[in-house]
1. Report yes if some residue within the range B:76-87 is within 14 Å of another protein chain (Cβ to nearest Cβ), crowded, with 17+ Cβ neighbours inside 10 Å and either in contact with a helix residue (DSSP H, G or I) (Cβ under 6 Å, 6 or more places away or on another chain) or in contact (Cβ under 8 Å) with a residue 24 or more places away in the chain (or both); otherwise report no.
2. Among (1) closer than 22 Å to residue B:107 by Cα; (2) free of Cβ contacts under 8 Å to residues at least 40 places away in the same chain; (3) out of contact with any helix residue (DSSP H, G or I) (no Cβ under 6 Å at 6 or more places or on another chain), there is one condition residue A:69 misses while meeting the rest; what is its number?
3. Over 21 Å from the mean Cα position of the chain (by Cα), more than 14 Å from chain B (Cβ to nearest Cβ) and not polar (S, T, N, Q): is that true of residue A:87 in this structure?
4. Of all residues being without any contact (Cβ under 8 Å) to a residue 40 or more places away in the chain and not polar (S, T, N, Q) in the range A:23-36, which is nearest to residue A:103 (Cα to Cα)? Just the residue, please.
5. Would you point out the residue of the range B:67-85, among those that are part of a loop (DSSP other than H, G, I, E, B) and within 23 Å of the chain's Cα centre (by Cα), that is farthest from residue B:10 (Cα to Cα)?
6. Give the residue, chosen from A:36, A:94, A:113, that is part of a loop (DSSP other than H, G, I, E, B) and either farther than 30 Å from residue A:3 by Cβ or within 14 Å of chain B (Cβ to nearest Cβ) (or both).
7. Are any residues in the range B:24-66 part of a loop (DSSP other than H, G, I, E, B), over 30 Å from residue B:84 (Cβ atoms) and not basic (Lys, Arg), and if so, which ones?
8. Among what's in the range B:88-121 and is in contact (Cβ under 8 Å) with a residue 24 or more places away in the chain, assigned to a helix (DSSP H, G or I) and away from chain A (no Cβ under 11 Å), pick the residue that is surrounded by the most Cβ atoms within 10 Å (Cβ to Cβ).
Amino acid sequence: MFNALDVSTSGLVAQRTRLNAISSNLANMSTTRNEAGEPDPYTPRFVVFKTDENITTSGGGQGVSIDRVEYANVEPNLKYEPGHPDANAEGYVAYPNIDMTTEFVDALGASRAYEANIGVIEVTKDMGERTLQILA
Amino acid sequence: MLSSMFESSTIPLLEQVVNFTQSRHGVLAGNIANIDTPGYKTRDLSVENFQARLQDAIAAKRQASESPTYALNAQLAGRPTGSGTENWERVREASKDILFHDNHDVSLETQVTEISKNQAQHNLALTIMNAQFRLLRAAVTERT
């Protein structure tokens, strides 16, 4: 029973990390420079999950962990803004290629998955409590 | 007579479990309170250590009931004596050794799950203890 809680918790941690990546993508929608201040548009990143063999339940259930954070393989959006300090010789500014709709749908998916894990935790706890009631 | 009535049941053992889970709850609650404290290291009590000491004490108790000189010899050798309150002393100490985790990804979710598990264990011990006392009361009052 306690292992089931660990599996659900690994799901919570994974989904929250995914949500963090999504909010980072949305926050940096118009970022044209990297952390060193050089003109380099932000690349959207996404979290890759893998099953974690260290977290297992007796029924063969497995937990999840973060495998790595990947950078999306997309070209930046070029926008014609000749007055912009980061514009290239032709007057185009490279903006991050982030689709707001996709990001929002992903955020919704992550938050629903988080809720689902919480639901499983509640069921696990309820089962444990009911087992206790046999004694009481 | 009264002490042996409690001593022979699992009540002293359950008492140790409740003591430990309450101490551990305090430590875990501290982790939650300091979730945003810069440089804070999450701390915990070693459940494995506690379980091992509890197991030693239970084994000693079993042996002491078979051999009358066991408790005395164990006391001289510094092992759990198997009888009386001093049998549980080493178990009680398990709630004092605080572990520090330096792994960086200890999250709110993990801490809350640990608190839930700890709470379940605490409630389990108290429920069994309650059942024991109800049994005693039924015997005393000759009513259920």
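The values are calculated or read from the model by the stated rules, or taken from the named source; none is laboratory data. Small disclaimer: the values here were computed from a predicted structure and weren't measured. Using ideal geometry, Cβ is built from the backbone for each residue, glycine included, and neighbour counts are taken over all protein chains shown. What goes into the accessible areas is simple: the full protein's heavy atoms, side chains included, and nothing from ligands, DNA or RNA. Shrake-Rupley method; radii C 1.70, N 1.55, O 1.52, S 1.80 Å.
1. Checked the range B:76-87: no residue is within 14 Å of another protein chain (Cβ to nearest Cβ), crowded, with 17+ Cβ neighbours inside 10 Å and either in contact with a helix residue (DSSP H, G or I) (Cβ under 6 Å, 6 or more places away or on another chain) or in contact (Cβ under 8 Å) with a residue 24 or more places away in the chain (or both).
2. Against the list (1) closer than 22 Å to residue B:107 by Cα; (2) free of Cβ contacts under 8 Å to residues at least 40 places away in the same chain; (3) out of contact with any helix residue (DSSP H, G or I) (no Cβ under 6 Å at 6 or more places or on another chain), residue A:69 comes up short only on (2).
3. yes
4. Applying the filter and picking the extreme gives A:27.
5. B:78
6. Residue meeting the stated conditions: A:36.
7. B:34, B:35, B:36, B:37, B:38, B:39, B:40, B:42
8. Step by step, filter the range B:88-121, then rank; the result is B:91.
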